[in-house]
Protein chains: 2
Amino acid sequence: MSISESESAVMQVLWGSSPLSAEDIVAALGDTRQWQEATVKTLLNRLLNKGAVAAEKQGRRYLYRPLLARDDYVHGESRNLIDRLFGGRVAPLVAHFSAHRKLSKKDIAELKRLIAELPDER
Amino acid sequence: MSISESESAVMQVLWGSSPLSAEDIVAALGDTRQWQEATVKTLLNRLLNKGAVAAEKQGRRYLYRPLLARDDYVHGESRNLIDRLFGGRVAPLVAHFSAHRKLSKKDIAELKRLIAELPDER
DNA sequence: ACATGACGATTACGCCTGTAAACGATAAAT
DNA sequence: ATTTATCGTTTACAGGCGTAATCGTCATGT
């Protein structure tokens with residue numbers, strides 16, 4: 001059961017800090033998405049059903065906390081894209097961005113550093 | 001108007017070779033997707049409406065050809081992912097895969113080669 | 001005790017997607 | 001000339017998604 005785009009916006013907030021009440025989440029989303037509180041509640045419920053978040057009752061309200069790890073989500077999404085479009089390997093994606101001159105100076109510097117740390121074999 | 005996952009499977013075929021008839025496409029998809037001919041026809045029509053493919057009549061049937069360039073599609077999808085999950089830069093994605101030991105030997109070799117070719121500035 | 005307000009849960013609803021079947025026109029076979 | 005097969009076009013239909021409003025319940029203020 002994969003989580004949708006809108007649901008992932010809610011997850012982003014929870015990954016940033018948790019546990020949070022629904023109200024907190026609406027507030028945190030304020031800048032990004034102009035959502036009614038009801039909308040966020042719906043998304044939270046869907047995430048609960050999907051097992052992506054847990055809710056613990058704190059008096060009157062619930063506090064929500066992610067169950068799905070951000071890293072796992074990120075990895076799943078990335079792998080999906082890379083498998084579909086780049087034959088399952090990372091290098092072709094980098095090559096693509098390189099070919100289109102879409103690597104920033106910062107990217108290039110960071111990549112050089114990253115690569116330098118990698119072992120030659122395996 | 002973005003094209004869906006299933007639609008992109010059809011595009012993949014057309015990017016591989018074109019123009020093709022609906023029948024050709026069904027055949028080409030044979031291994032990947034067990035779709036009825038009707039299903040592929042639906043997808044082709046949706047792609048036509050979205051302006052992602054063109055159809056030219058050849059006697060009895062139509063031959064389809066991509067209008068959307070593969071590179072543009074790939075770029076859009078990639079940018080979307082990278083913006084959403086990696087702050088808009090490629091390096092963090094590579095870092096993520098590196099941290100999870102998900103770079104193959106081949107990847108590493110290719111990355112080293114790629115990086116070596118890049119200028120230090122800009 | 002009673003009205004009011006705050007929450008979560010339930011219901012809504014149109015659009016997109018995946019997956020096809022049915023329909024209609026036209027070419028091919030007999 | 002008819003029947004039949006072959007195409008594309010139209011219609012279908014359930015489930016997910018985006019976006020909320022409404023309902024029911026329980027706490028809180030008066």
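Each value in this text was obtained by applying a stated rule to the coordinates, not by laboratory testing. As the structure is a computational prediction, the values presented were derived from the model and not from experiment. Every residue, glycine among them, receives a Cβ derived from its backbone with ideal geometry; neighbour counts consider all protein chains shown.
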* Asked: Can you give the Rg to Rh ratio for chain A, taking only C-alpha atoms and Rh from Kirkwood?
  -> 1.10
* Structure fact -> Rounded to the nearest 10, the angle in degrees between the Cα long axis of helix B:70-86 and the longest principal axis of the Cα atoms of chain B comes to 50 degrees
* Provide a whole-number value for the mean count of partner chain Cβ atoms within 10 Å of the Cβ atoms in peptide A:68-74. => 2
* Mind listing the phi-derived Karplus ³J(HN,Hα) values for region B:94-106, rounded to whole Hz, using 6.51, -1.76 and 1.60 with θ = phi - 60°, and x for any glycine or proline? -> 4, 4, 4, 5, 5, 4, 9, 6, 10, 9, 6, 4, 4
* Structure fact -> In this structure, the FRET efficiency calculated for A:Ala109 and B:Ser21 from their beta-carbon separation, with R0 = 35 Å, to the nearest 0.05, is 0.10
* How far is helix A:37-49 tilted, in degrees, relative to the longest principal axis of the Cα atoms in chain A, given as a value from 0 to 90 rounded to the nearest 10? -> 70 degrees
* To do: At 7 Å along the Cα-to-beta-carbon direction for both A:Lys102 and A:Arg70, put a label point, then send me their distance in nm to one decimal.
  => 2.4 nm
* Structure fact -> Taking a straight Cα-to-Cα line shorter than 12 Å from B:Lys50, and setting aside same-chain aspartates and glutamates fewer than 8 residues away, one finds B:Glu7
* Structure fact -> Over all pairs of different Cα atoms in region B:70-117, the reciprocal of the mean inverse distance gives a Kirkwood radius in Å of 11.8 Å
* To do: Would you calculate the separation in nanometres between label points at B:Leu118 and A:Lys50, each defined as 7 Å from the Cα along the Cα-to-beta-carbon direction?
  => 3.2 nm
* Partner chain Cβ atoms within 10 Å, averaged over the residues of A:105-113 - can you pull that number for me? => 6
* Is the shape of region B:5-66 best called rounded, prolate or oblate, per the rule: a/c under 1.5 gives rounded, else a/b larger than b/c gives prolate, else oblate, with a ≥ b ≥ c the square roots of the Cα gyration tensor eigenvalues? -> rounded
* Structure fact -> So for the protein assembly as shown, using the alpha carbon gyration tensor with a ≥ b ≥ c as root eigenvalues (a/c under 1.5 gives rounded; past that, a/b versus b/c decides prolate or oblate), I'd call it oblate
